[in-house]
């Protein structure tokens, strides 16, 4: 399958899910199921259409990295939950905690209205 995400790609998801993630759960065909929903959720939660801004090329490197990290972290959580058999229960819990922290830190940046205004000013 194609790598369907705008700012979340399978390679980033696999890197964050780690070597213990189930091989089937982290295939592009599997992660594509999550990616578009996660990207839409990021746009809704931040009340900003980052997908359009990414496509328009108006995001700086920092914002691009924050988007990639947020999307990949959330998708990697789904991957770990889909097939946790490669992890001990403690490893799975630690991995999910780490991924949740990455997601939360990225979302704090993405929700910041001053950063969004800066991007919107660049669009006009």
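When only residues in segment 51-83 that are over 15 Å from the mean Cα position of the chain (by Cα) and touching a residue at least 40 places away in the same chain (Cβ under 8 Å) count, which is surrounded by the most Cβ atoms within 10 Å (Cβ to Cβ)?
Looking at the filtered set, the residue picked out is 53.
What number of residues within segment 85-103 are closer than 15 Å to residue 26 by Cβ and either out of contact with any helix residue (DSSP H, G or I) (no Cβ under 7 Å at 6 or more places or on another chain) or without any contact (Cβ under 8 Å) to a residue 40 or more places away in the chain (or both)?
So the answer is 4.
Take the residues of segment 34-50 that are in contact with a helix residue (DSSP H, G or I) (Cβ under 6 Å, 6 or more places away or on another chain) and not in a helix (DSSP H, G or I): which is surrounded by the fewest Cβ atoms within 10 Å (Cβ to Cβ)?
49
Only one of these is surrounded by 12 or more Cβ atoms within 10 Å (Cβ to Cβ), over 21 Å from residue 3 (Cα atoms), under 14 Å from the mean Cα position of the chain (by Cα) and at pLDDT 95 or above: 102, 110. Name it.
Residue meeting the stated conditions: 102.
Residue by residue through segment 55-87, note down the ones that are under 14 Å from residue 22 (Cβ atoms) and in a loop (DSSP other than H, G, I, E, B).
83, 87 - these are the residues of segment 55-87 that are under 14 Å from residue 22 (Cβ atoms) and in a loop (DSSP other than H, G, I, E, B).
The values are calculated or read from the model by the stated rules, or taken from the named source; none is laboratory data. What you are looking at is a predicted structure, and each value in this text was computed from that prediction instead of being measured. Cβ sites come from the backbone with ideal geometry, for glycine too, and all protein chains shown count toward neighbours.
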